[in-house]
Structures are given as C-alpha cells and as structure tokens.
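The values are calculated or read from the model by the stated rules, or taken from the named source; none is laboratory data. This one's a predicted model, so the numbers in the text were calculated from it and none came from an experiment. Positions of Cβ are generated from backbone atoms using ideal geometry, with glycine treated the same way; all protein chains shown enter the neighbour counts. Surface accessibility is based on the protein's heavy atoms, side chains included, excluding ligands, DNA and RNA. Shrake-Rupley method; radii C 1.70, N 1.55, O 1.52, S 1.80 Å.
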Amino acid sequence: MRLRTVFGAVRLRVWYGRNPADGRWGCPIRQRWGLGPHQQLSPALEDKLGYFATVTGSYEAAGEVGDQGGL
C-alpha cells in the first residue's frame, strides 16, 4: 500500500483479505485508519491541503505552496 503523508510518500506491507463474517474484501489497517478504498493521501495531509486551499483560494495554489515546502 502506498500512502502520501505530510512527511512524504511511504510504502507499507499490509494484510488484506476476505472478511469471514460478511464475505467482503478489505484491509484492516485501512479501515482502522479510516481510509477509503482508493485513498492515497493520509488524513493529516488531506487536512493540510484543504487548509491551504481555503487560505490560498484554490487547490492549484495550495499545491504550489506545498511544492515550496509548506506541506
């Protein structure tokens, strides 16, 4: 699993499989951390990006702030 965090990109080896109770596939650590099925940003990074987007007025400007070391 790859996840972009405030500190940079990380790659984690995690367990996944079928839940015997309901037969659905899942990843326990993603569920524990509250991540969506295809979410690749950590919740903290999403919060920071959302904050910078409101302060700067757009996600594009927030990305530029992040590229300059603000994220």
- Residue among Arg2, Arg32 that is closer than 27 Å to Tyr59 by Cα and of a type outside the set (Ser, Thr, Tyr): Arg2
- Task: Would you be able to tell me the number of residues in the range 1-29 that are part of a strand (DSSP E or B) and surrounded by fewer than 12 Cβ atoms within 10 Å (Cβ to Cβ)?
- Result: 8
- Being more than 17 Å from the chain's Cα centre (by Cα) and modelled with pLDDT of 85 or more, is that true of even one residue in the range 4-15? yes
- Message: What are the pairs with Cβ atoms under 9 angstrom where one residue, in the range 23-44, is more than 15 Å from Leu12 (Cβ to Cβ) and the other, located anywhere, is open to solvent by less than 100 Å² (accessible area, probe 1.4 Å) and of a type in the set (S, T, N, Q)? Sequence gap at least six, or different chains.
- Response: Trp25/Asn19; Gly26/Asn19; Ala44/Thr5
- Of all residues in the range 30-60, count the ones that are in contact with a strand residue (DSSP E or B) (Cβ under 8 Å, 6 or more places away or on another chain) and assigned to a helix (DSSP H, G or I). 3
- Item | Whichever residue in the range 30-44 is open to solvent by less than 60 Å² (accessible area, probe 1.4 Å) and among the polar types (S, T, N, Q) and, among such residues, is farthest from the chain's Cα centre (by Cα) | Gln39
